[in-house]
Amino acid sequence: MSDPIVILTEEPLGADDRVNIESLVAGGDSPLVVLVPANTERHLVVDFLENLSMLEIAKAFRELTAQSHDPAAERAEAAETLADSLAALAGLGSGVTGEVVEGGAVEGLVAKVKELGAGQAVVVTRPHALADTFHTDWANKAQDRLGLPVLHLYAGSGFIGDS
């Protein structure tokens, strides 16, 4: 059996993501482990500036004035994201499992990669202009902590982030 591939995602994986992940497995028998953080630990000011930089002005102000997040609702949303992602990747490799990660997303990825002795880590996010530009995104942080390359894919596309 090949080394596991650990995938951290903040978005439900779909058909385009399946194609990208399938190319990593390349007909092999690597087990896939999907991690979804219960809390993405986004920062209000960073999110606001990021939405403005993507010309999503209405969204920027809507999120700025939004109420604080409910942990139970965030966990339920993460569980739904996990279920959708597992369904999208069903049948790849030697099986697909997953879990909702409590605490920090990067910490969860690093711990799971070390626990499983995974040979590859993948981070799937939507574009985050500021974090990606300044290399403070999850993929860069995980790569720094793991000492192995971490593939950064943008959800729902074939684009690769710069990690």
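Here, each number is a calculation from the coordinates, and none is a lab measurement. Because the structure is predicted, anything quoted here is derived from the model rather than measured. Note: ideal-geometry Cβ built from the backbone for every residue, glycine included; neighbour counts use all protein chains shown.
How far, in nm, would the chain grow between Glu99 and Asp3 when pulled straight, counting 0.36 nm per residue and subtracting the alpha carbon separation?
32.7 nm
Highest mean first, how do 73-80, 8-15 rank when packing is the count of other Cβ atoms within 10 Å averaged over residues?
Highest mean packing first, the order is 8-15, 73-80.
Got a sec? Charge dipole of segment 65-121, +1 on Cβ for Lys and Arg, -1 for Asp and Glu; which of Ala73, Gln120, Gly98 is way out at the positive end?
Farthest along the dipole direction, towards plus: Gln120.
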